[in-house]
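Okay, so here's the structure we're looking at.
What follows is calculated from the coordinates using simple rules that are stated; it is not laboratory data. From a predicted model like this one, the values you see are computed outputs, not experimental measurements. Glycine gets a Cβ as well: all are built from the backbone with ideal geometry, and neighbour counts include every protein chain shown.
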């Protein structure tokens, strides 16, 4: 049973760590701008992030990101800068407020429901014994 | 009936999804603005704060901003010498700027993704007299949330951004807007 | 020729309608002759659809631009080898292709199935004919590939230049074929459900056809990723784009099915569940068709959007209602499920595996739909792209990999906990050690990568442990080492084929983790003879050749790649940057040339489209990936250089995936059937 416990501890640790966020401001400017360019969409291309897009506007938006980073702005401020100009759809995932919470609630619900069903099966097996 | 409950539970989210899909595909329009060039005239929502200022370095080397044009209606035009709708628009804007210059209307041009040669060439060819600037890396355009060219930001006499127009505008369409704005100024005075 | 093609479509329409009615009447009046004749109508439908296909190909080859589809998708200049691509590059042609694959596969399955005389066949054939009828109906009246132009033309518009790539020869047809073939197991599952009493007759045929569809779909997606990575030149391979997701979702549901069908085969459980899974997969496949043909979702893979969207939405709703009705109509009659005996059993591990796979499927579905939802409810457009899917599906995928490792350790029915601890000890300690060592080496901030690698190693060690232990038993009975292993995996092809596929998935996992967590990247613009240094690579820009052809302007930039010692270039190092520029003629003493790459930038004036060919220097450890961003007027070239660790494992997995799938599909010869334990 020892190993099962190990797995449990390992899993719970993993989940705690996973949702705790890494401090993204610790990286070099270039790393941060690369990260940001993966989080911001090119407003004129269909479903492409700045990182993927070849368009002129996307290139220039990457310059904006670098400029603002070297001015000392935080990632959050830069994301807000673009949201204020291009709307929420410029973010690769919406900000976690308002209705958008459902974007995160539903996956959790799906997961929890599944776990409950499996636990139920487990209990049924126990009961039969 | 435990079963019936389950059925309803399963059907509920599915039917909700279907309804949403239906509604959204009914309201779907086919618009594509490839390569950042807007080919048809329309008003676009303004996402930027309405009292937003700008600082632009013109081709002549002056720094201009909103406070240089107190009480004037400003038409800030984002364009490029290689963009076909902008080329068609060139003479229209040149004429309009001359006709309306004595009626508190100031045109300003910002040429995006362009070279100095081409811009000067374009200005000379169309006899454009209002100030123009080159925004080589698109930073001014991005600051105004511009997606494609041509795009115009119209600022009223109180310095408030009131319209964002994308696509090439014709002389009558711009005249209508300017008429409206200048009569408002007269009324207020 | 176009008249022949269209007539054959109409003929196919009538034949498939006869297939539906004939079967239904045959079942009602209990006349086997009618049932046989309507089964044969599927063969004839296949024939007539084939003639349509041939006539469309003929129209393409003979450059008959009076036909709109040919005019829109080819021109005189197009090389005739591209007819294959042009054929499915539009809505009409691709639907014809799907219909052809579906009818052809159905005929083969019906012809060679051993179930011919069972009573599920008429029902299954009815469902198949129904789906075929729907597709031909769409082709005949809404997306007719044989429609004529209303004016005279000399030349066609031509094929979209982005499609002129070798990847396009195999990736889209594979995906479409995979999605089309899902219909067959779906038809058999629901056929047996309608028929009612025996829910085990269809298991073999269902498993084989599902594996076929699943394998083709999987290879199709892998080819798409490979094509995007090596040719499209945006530096990635999978972006969680809606169109990619709608192909992934049915595949995931099918993956769940091919696991849980094993439980039904071995233990007679999950009978109903397996049918649900196929229903989900089929409906998701229809959802995919709907999104592809003008659904409300934004995607990079722009298929001409059209009113076809409504028709496919209608069909999606119809198939939902159909499968729900059948299901709830029949479910009260079937209640003889055998129960699970222990939670420490292979079947329980498959249950968890199914749960995780479906979780990923539905979370992905929600991510695809949410923007539409947000648009309708609050009139604000939002985007849901890669970061969301990585965050929600990432941990589930890691759990899935862990299950991949636990599965082989468990027995059917129940496992002895002591024995399990014994078996799990070695893989678990080794993988925990790997996690600790990795964290020491790469630092705590990439703990996620370490955990992911640990899970992968856990999975692969447990597979190898299983093989080694069982091979040893065979060796002790006197076999040669390799043959002992070969005989072992041949003794249960389904299981060991599955393990081989697992190994390929683990390879993909390695690639995904390597490229997502350890990639380095820099964007620089350099003049001729200057270099960029990234980590221990130096890329020197040596030549530029420009070439103008009637349809395109090509710029080819030649680069030499050197392996260097970064400390020799310390003086050029820039703060805040991964990569840095090196001026002309500066070389380190230890520079070693390891290869050269050619970067291409092609502009197609007729389409106003740019296509970029990036350069890749690939090794099993890492890929050096160079994308030409732009050719500046001052003569500089803007490059995006990245190092993608372990990327090549994504593609090495391909052959393993194919081999494993075919291996699992390969029929067991009769004399061995009895000892397949």
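Its alpha carbons considered, the range C:314-452 gives a radius of gyration followed by a Dmax of 21.2, 60 Å. The relative contact order of the range B:37-188 comes to 36 percent, based on Cα pairs under 8 Å that sit 6 or more residues apart. Sorting the segments A:85-91, B:114-120 by their mean number of nearby beta carbons within 10 angstrom, highest to lowest, gives A:85-91, B:114-120. Percent of Cα pairs in the range B:99-163 per distance bin of 5 Å, from zero to the largest separation: 4, 14, 23, 24, 19, 12, 3.
Taking every Cα-Cα distance in the range A:21-95 and sorting them into 10 Å bins starting at zero, the pair-distance distribution P(r) comes out as 21, 57, 21, 1 percent. Spread over its residues, the convex hull of the C-alpha atoms of the range C:390-515 is 133 Å³ per residue. Between the Cα long axis of helix B:2-26 and the first principal axis of chain B there is an angle of about 20°, rounded to the nearest 10.
Of all the options B:78, B:107, B:122, the one that moves most in a Gaussian network model of chain B with Cα springs shorter than 10 angstrom is B:122. With all pairs of separate Cα atoms included, the range A:51-105 yields a Kirkwood hydrodynamic radius of 12.5 Å. With contributions of -39500 (n - 2.57) from each DSSP H run of at least four residues, the per-residue ellipticity at 222 nm computed over chain C stands at -20500 deg cm²/dmol.
Just the number, please: Stokes-Einstein D of chain B in µm²/s, Kirkwood Rh from C-alpha pairs, 20 °C, 1.002 mPa s.
It comes out at roughly 115 µm²/s.
Note on chain B: helix-only mean residue ellipticity at 222 nm, from DSSP H runs of 4+ residues weighted -39500 (n - 2.57) and normalised by residue number, equals -13000 deg cm²/dmol.
Over all distinct alpha-carbon pairs, what is the Kirkwood Rh of the range C:520-645 in angstrom? Don't jump to the answer; show the numbers that get you there.
Details: mean 1/r = 0.0666 Å⁻¹.
Computed over the range C:520-645, the radius equals 15.0 Å.
When Rg and the Kirkwood Rh are both derived from Cα coordinates, the Rg/Rh ratio for the range C:625-667 amounts to 1.42. On the beta carbon distance between residue B:51 and residue C:433, with R0 = 51 Å, the FRET formula returns roughly 0.25. Taking every alpha carbon pair in the range C:183-399, what does the distance histogram look like in 5 angstrom bins from 0, in percent? Going from the shortest bin to the longest, the percentages are 1, 7, 13, 16, 19, 16, 12, 8, 5, 2, 0, 0. Rg ratio for the range C:36-173: its Cα radius of gyration over 2.2 N^0.38 Å, N being its residue count, equals 1.20. For the range C:193-300, the fraction of alpha-carbon pairs lying more than 24 Å apart is 35 percent, rounded to a whole number. For the residues of A:34-42, the average number of beta carbons from a partner chain within 10 Å of their own beta carbon is 3.
Helix B:84-100 and the longest principal axis of the Cα set of chain B meet at an angle near 50°.
With distances taken between every two different alpha-carbon atoms, the protein assembly as shown has a Kirkwood hydrodynamic radius of 31.5 Å. For the residues of B:97-109, the average number of beta carbons from a partner chain within 10 Å of their own beta carbon is 0.
Against chain B, whose longest principal axis comes from its Cα atoms, helix B:171-188 is set at around 80 degrees.
Judged by the mean number of other Cβ atoms found within 10 Å, the most tightly packed of the peptides C:170-182, B:126-138, C:317-329, A:57-69 leads the ranking C:170-182, A:57-69, B:126-138, C:317-329.
Remark: relative contact order (chain C) = 10 percent; criterion is Cα-Cα distance under 8 angstrom and separation of 6 or more residues.
The mean number of partner chain beta-carbon atoms within 10 angstrom of a residue's beta-carbon across peptide C:561-572 is 0.
Just so you know, the Rg over Rh for chain C is 1.00, from Cα atoms, with Rh as the Kirkwood radius.
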